[in-house]
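Asker: Take this structure, written in structure tokens, and hold onto it; I'll ask about it next.
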Amino acid sequence: MTSEAAKVLSSKNRLSRRDFLKLAGVVFLLSLIRGSNPVRQEPFSLPKDLHFPEPNPEAGMQPDFKVFLPGGKAGAEYLTAMRDYLHQNYGDQVLVPSSISHPASLKMSEDLNGHFSNLGREIVKKAENKNIHIVGHSLGGFESIDVVKYILSNPQWSGKEIRLTFIAGLGFVGEDIFGLAKTANGMIQVENNYMVAEQHTAYPFPEAYYNAFPEKDQPQVKKIFVDSPKQRSKRRQWFEKQLDIMAPEQKKQILAELDKIDQGLAHALKAKDNDSVGKFVIKRKEVLGPFIELLFQGKQMPKELHKKYMELYKETSGNLAPGIQFFISLLRFIGKSIDYTKAGTETALKEIIEAARSRKVDIKIDFALMENDYLIESSDVGEIIKGFDRKGIASVLGTFSFLEQLAHSSIGYRPEFLGEIFT
């Protein structure tokens, strides 16, 4: 996942054994609540009274219709950079709705099921008889499961294949209380350490850092982005251009401060002084952190673009559900997510795969792993394959892609890496 140095740095923020046990206790209570909840998810199957068309034999000869389902907190202005990149590249053959965890997702007349039903209907309308490729990031992976159910249940769609790609997918690293606790722990690590990890993408460390901690071989994954000094130089130049937009008057001072920190970091690395390395990286985070957060918020994007895409996706205030309506739907979604994680996400996927086969549709499942992520590491690939094998669905597994030095949420402000995943 991270380099050895990053592991040293992040260890200060890791849960102690005592805190982990507390977390496991909370998750256990949540799972008991869900276990005693009379409103359970019914096993998914296709309606028997509907006639489904034969799959379009030419579907695979056309570009897939693309859907990106972002992770937690991602909606409205937070999506403008991704929406603009994807629409610029794929026109109207892509859809990027707000996450159900963001208030901009739920429309006035929708509840949770209505939201996924309407989203599935919109995808079918736009995809027509094309194959569909859905990329779900983090919590968006759970959303993709519900969306696919509505797509498969809609006889208007006549494509041959649905491809699901999970970025930082949840619920694949264990089942029951162990899986819940491990997933929750990973999410906490992402929250606690993401500003350290995001530096690799937003404004990479000096080359002395990467020389001290060279990339390791990753034989179990396919590298679709290979980092290099040239790539890191491009990312540094890109960030400097964003400062021209976000903080033009402070730019010179910010870069001078970062240069001073990086000189100290390079000296500490040469001296193999891990304590000093850690201190310089934290100083770096303190300088970069506020601007990385602005990038996530889309502050580098023109206001006209924010307005354009909020109108396109009907996210203006008059279209959105009241706060209490959104909150109820969010709680229901959290409950479903706990269920998926507790049972293992492969369980829900197996139901989808079996339903798809009944209407002669293929399901393909890929994974995209970010090097500096805390939810799924390359070392988890073997366990993921075992989980699919236990459910008898390993045959649907495709590629485990790997992007060097990217962190959990990097695609939020560098969406061109998302283009690598859709390719």
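Asker: Go over the candidates 87, 102 one by one and state the one that is closer than 26 Å to residue 413 by Cα, assigned by TED's automatic domain parsing to the domain that holds residue 312 and either among the polar types (S, T, N, Q) or modelled with pLDDT of 95 or more (or both).
Answerer: 87
Asker: How many of the residues in region 97-130 are under 19 Å from the mean Cα position of the chain (by Cα) and among the hydroxyl-bearing types (Ser, Thr, Tyr)?
Answerer: 4
Asker: Tally up the residues in region 44-92 that are closer than 16 Å to residue 161 by Cα and in contact with a Pro (Cβ under 9 Å, 6 or more places away or on another chain), please.
Answerer: Counting residues in region 44-92 that are closer than 16 Å to residue 161 by Cα and in contact with a Pro (Cβ under 9 Å, 6 or more places away or on another chain) gives 3.
Asker: For residue 376, all conditions in the list (1) over 21 Å from residue 70 (Cβ atoms); (2) within 18 Å of the chain's Cα centre (by Cα); (3) in a loop (DSSP other than H, G, I, E, B) hold save one; what is the number of the exception?
Answerer: For residue 376, the failing item is (1).
Asker: Return the pair list, or none, for Cβ contacts closer than 9 Å from residues in region 399-417 that are part of a helix (DSSP H, G or I) and surrounded by 24 or more Cβ atoms within 10 Å (Cβ to Cβ) to residues that are at pLDDT below 95 and basic (Lys, Arg), at least 6 apart or on different chains.
Answerer: Final answer for the pair search is none.
Asker: I'm trying to understand the selection: among the residues of region 140-194, which are outside any helix (DSSP H, G or I), out of contact with any strand residue (DSSP E or B) (no Cβ under 7 Å at 6 or more places or on another chain) and on the phi < 0 side of the Ramachandran plot?
Answerer: Selection gives 153, 154, 155, 156, 157, 158, 170, 172, 173, 175.
Asker: Here are some conditions: (1) assigned to a helix (DSSP H, G or I); (2) more than 22 Å from the chain's Cα centre (by Cα). Residue 44 meets all but one. Which one does it not meet?
Answerer: Against the list (1) assigned to a helix (DSSP H, G or I); (2) more than 22 Å from the chain's Cα centre (by Cα), residue 44 comes up short only on (1).
Asker: Take residue 110 and decide whether it is part of a loop (DSSP other than H, G, I, E, B), modelled with pLDDT of 80 or more, crowded, with 18+ Cβ neighbours inside 10 Å and of a type in the set (D, E, K, R).
Answerer: yes
Asker: Restricting to region 181-223, name every residue that is polar (S, T, N, Q) and surrounded by 21 or more Cβ atoms within 10 Å (Cβ to Cβ).
Answerer: Selection gives 183, 193, 199, 201.
Asker: Which ones in region 297-311 are assigned to a loop (DSSP other than H, G, I, E, B), over 15 Å from residue 415 (Cα atoms) and of a type in the set (A, V, I, L, M, F, W, C)?
Answerer: Within region 297-311, no residue meets the criteria.
Asker: Collect the residues in region 112-141 that are under 15 Å from residue 100 (Cα atoms) and of a type outside the set (A, V, I, L, M), keeping them in residue-number order.
Answerer: 113, 114, 115, 116, 117, 118, 120, 136, 137, 138, 140, 141, listed by residue number.
The values are calculated or read from the model by the stated rules, or taken from the named source; none is laboratory data. Keep in mind that this is a model prediction, so the values were computed, not measured. Every residue, glycine among them, receives a Cβ derived from its backbone with ideal geometry; neighbour counts consider all protein chains shown.
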